[in-house]
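Here the structure is laid out as structure tokens; the discussion comes afterwards.
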Amino acid sequence: MTEGQAHWDSAYSTKGDNVSWYQTGQTPSFELIKASAPMRSVSIIDIGAGASRLADNLLIAGYSDLTLLDISEVALSRTRDRIGAAANNVAFIVADITRWKPSRPWDIWHDRAVFHFLTDSGAQDAYIGALKQGTVPGSTVILSTFAMTGPEKCSGLPVQRYSADTLAARLGPDFALYTKGTEQHHTPFQTTQDFIYAGFHRK
């Protein structure tokens, strides 16, 4: 087990849903995916899916090709148990995104709050390499990170904050920014965190 796996397994084992990134209901991620993918047969991968309810909402909405990737087996096990029989129609991948090699491309690549944990340029490059391997021209990429006014740390770890434009610059010319927005996320601890959302089309 790597240090990263141990950290996130511990976070999900000890805190349950009482984590700062917890969300319920119809999130900006869900709305952006729906807007980008009116056809429910599209393939979607959620990077850093954790124990998020996004998977539940996508399944209820009728999306049928869903892959969840996270570094924490504990987190994905919680999702698998929660969605019950529907888990038979979901692919679960336990992997460190910076070491993972996609075996297929997806129509939609979604990531809320993974990329901003990659503060080293080498780790960022590895992520972008996986992103390019896991998408094709025409794929949609939806990323959310802490905004420039967001926290400097999360779960005890440092983060790299972005604007939509600096995120676009970091991803490079293969990804065209087509939409951007902000969110003031309300945590379970009655605090707020500033996020940005950015949508890209793979060229």
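The values are calculated or read from the model by the stated rules, or taken from the named source; none is laboratory data. Owing to the predicted nature of the structure, the values given are computational and were not obtained by experimental measurement. Neighbour counts are summed over all protein chains in view; Cβ atoms, including those assigned to glycine, are modelled from backbone coordinates with ideal geometry.
Each residue in segment 57-80 was checked for being acidic (D, E) and either modelled with pLDDT of 95 or more or surrounded by 23 or more Cβ atoms within 10 Å (Cβ to Cβ) (or both), and 2 pass.
State whether the residues of segment 185-197 include one that is over 22 Å from S52 (Cβ atoms) and touching a strand residue (DSSP E or B) at 6+ places or on another chain (Cβ under 9 Å). Scanning segment 185-197 turns up no residue that is over 22 Å from S52 (Cβ atoms) and touching a strand residue (DSSP E or B) at 6+ places or on another chain (Cβ under 9 Å). Residues in segment 9-35 that are under 19 Å from P158 (Cβ atoms) and at pLDDT below 75 were compared, and the one that is nearest to the chain's Cα centre (by Cα) is W21.
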